[in-house]
Amino acid sequence: MKQSRYKQLVLAIFLIAAHALSAAATSEINTKTAKKKKPKTHLLKSSKQKAQPTLPGPLYAKRVDAMQAADDIAQRRNLDRDWVRHAIGQSHYLPLVAKFIQPPPLGTAKNWRVYRSRFIDPTRTAAGVKFWKDNRETLARAEKETGVPAEIVVGIIGVETIYGQQTGTFRVMDSLTTLAFDFPASHPRAKERSEFFKAELEQYLSLAHRNKIDPFSLKGSFAGAMGMPQFMPSSWVKYGVDFDGDGKIDLFNSPADIIGSVANYFKAFNWQPGMPTHYPVSFDAGKLNLEALLLPDILPTFSVDSFAAKGAVLEGAALKHIGPLALVELQNGDDAPSYVAGTENFYAITRYNWSSYYALAVIELGQAVASEIKNKP
């Protein structure tokens with residue numbers, strides 16, 4: 001049973017795009033007009049973004065591997081071959097994307113307090129209060145239909161894009177094509193990540209063609225995440241919902257679709273209605289087996305009793321928790337780490353972005369906004 005859950009964890013890494021990706025500025029790229037007829041009706045408005053500060057690299061039109069992939073995508077998806085070739089061929093290699101996708105240098109210290117300060121501040125909280133008030137009824141409907149609390153949805157959107165203020169400046173076509181065909185070979189999982197982005201590129205082209213979107217019109221993060229909730233193309237296809245009932249899914253401009261889609265995402269990842277995300281935890285020094293408690297990482301594995309047997313001390317409602325728990329460690333630089341007991345709902349948030357730091361930031365931002373709403377309705 002544990003082995004199966006570990007496998008699920010590993011697979012989830014490749015399926016979920018990460019999300020709280022930092023946007024960086026890149027320059028607008030002019031593209032040649034395709035010889036073949038292309039979709040002209042844009043269902044999504046292009047977001048206004050600043051120009052890119054660095055020049056893009058070469059086009060992919062002369063890359064044999066890229067053009068062969070275009071032919072394969074066209075055949076698999078029943079798309080116009082020339083349209084797919086034009087889309088991939090007129091995409092630029094972006095050196096900045098290849099740089100940003102690299103993991104941080106070894107030995108880079110993690111610091112929960114510093115990380116938290118980036119996301120829980122008066123400016124972001126105030127923006128969250130406005131978003132909640134503007135969309136109160138929609139948030140309540142999403143919570144009723146999915147069981148996902150409004151504060152979690154609000155926390156996600158706030159951490160990802162400050163409620164639409166920072167949705168990314170990179171053309172999605174350029175980012176996905178760069179990472180599909182030129183993923184940095186020095187990355188420890190270069191082959192797997194390259195295949196992941198090839199699949200995302202295929203999903204994006206299919207999505208754009210199906211919805212009559214110019215594939216060059218949308219901008220997102222350096223990794224190709226899009227819209228206010230920063231969905232990768234596969235997540236848009238799998239979890240996006242038309243929550244406003246207008247016949248299309250718009251994750252850039254429709255607050256209802258954005259809220260409904262984020263809530264649906266967590267429902268799909270087994271959100272448990274009414275279950276807390278985490279509990280406070282302390283330790284019994286005489287019984288503490290910290291290594292064993294941290295071995296499963298953030299995957300909930302321990303019952304309350306087995307947690308206690310290894311020296312983790314829970315109190316109050318946590319003692320009545322039904323379901324597995326995980327000991328979540330959050331490092332604080334040179335200071336002592338912080339710890340919480342994460343539930344299956346904490347784990348569900350990490351399926352959006354595989355990071356316990358990210359998950360707790362989402363939770364605490366949502367709580368801060370909810371507190372402001374309660375005190376100043």
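Could you go through the stretch 240-255 and let me know if any residue there is over 22 Å from ALA348 (Cβ atoms), open to solvent by 10 Å² or more (accessible area, probe 1.4 Å) and assigned to a helix (DSSP H, G or I). The answer is yes, given that some residue of the stretch 240-255 is over 22 Å from ALA348 (Cβ atoms), open to solvent by 10 Å² or more (accessible area, probe 1.4 Å) and assigned to a helix (DSSP H, G or I).
Given ILE258, ILE322, ILE298, which one is hydrophobic (A, V, I, L, M, F, W, C) and either in a helix (DSSP H, G or I) or in contact with a His (Cβ under 6 Å, 6 or more places away or on another chain) (or both)? Quick ask: steps written out before the conclusion?
Details: ILE322 fails: either in a helix (DSSP H, G or I) or in contact with a His (Cβ under 6 Å, 6 or more places away or on another chain) (or both); ILE298 fails: either in a helix (DSSP H, G or I) or in contact with a His (Cβ under 6 Å, 6 or more places away or on another chain) (or both).
Answer to the selection: ILE258.
If you take the residues of the stretch 107-128 that are among the hydrophobic types (A, V, I, L, M, F, W, C) and over 15 Å from GLU364 (Cβ atoms), which of them is modelled with the lowest pLDDT? By that ranking, first place goes to ALA109. Candidates are the residues of the stretch 279-311 that are surrounded by fewer than 18 Cβ atoms within 10 Å (Cβ to Cβ) and among the polar types (S, T, N, Q); the one that is farthest from ALA348 (Cα to Cα) is ASN289.
Note on the stretch 151-168: residues that are part of a loop (DSSP other than H, G, I, E, B), among the polar types (S, T, N, Q) and surrounded by 23 or more Cβ atoms within 10 Å (Cβ to Cβ) total 1.
I need the full set of residues from the stretch 71-120 which are of a type in the set (Asp, Glu) and outside any helix (DSSP H, G or I), in order please. Listed by number, the list holds a single entry, ASP80.
Which of the following residues is open to solvent by 30 Å² or more (accessible area, probe 1.4 Å), out of contact with any Leu (no Cβ under 9 Å at 6 or more places or on another chain) and either at positive phi or among the basic types (Lys, Arg) (or both): ARG193, ARG189? Before the answer, list the steps.
On the way: ARG193 fails: out of contact with any Leu (no Cβ under 9 Å at 6 or more places or on another chain).
Of ARG193, ARG189, the one residue that is open to solvent by 30 Å² or more (accessible area, probe 1.4 Å), out of contact with any Leu (no Cβ under 9 Å at 6 or more places or on another chain) and either at positive phi or among the basic types (Lys, Arg) (or both) is ARG189.
Among the residues of the stretch 223-239, count how many are outside any helix (DSSP H, G or I) and either at pLDDT below 95 or open to solvent by 20 Å² or more (accessible area, probe 1.4 Å) (or both).
Just the residues of the stretch 223-239 that are outside any helix (DSSP H, G or I), to begin with: 223-232.
Restricting the remaining residues to those that are either at pLDDT below 95 or open to solvent by 20 Å² or more (accessible area, probe 1.4 Å) (or both) gives 228.
Matching residues across the stretch 223-239 total 1.
Residues in the stretch 169-219 that are farther than 13 Å from ILE101 by Cβ, of a type in the set (Gly, Ala, Ser) and outside any helix (DSSP H, G or I): SER217 only.
The values are calculated or read from the model by the stated rules, or taken from the named source; none is laboratory data. In this text the structure is predicted, and so the values were computed from the model without any measurement. Neighbour counts are summed over all protein chains in view; Cβ atoms, including those assigned to glycine, are modelled from backbone coordinates with ideal geometry. Surface areas here come from the heavy atoms of the whole protein model, side chains and all, with no ligands, DNA or RNA. Shrake-Rupley method; radii C 1.70, N 1.55, O 1.52, S 1.80 Å.
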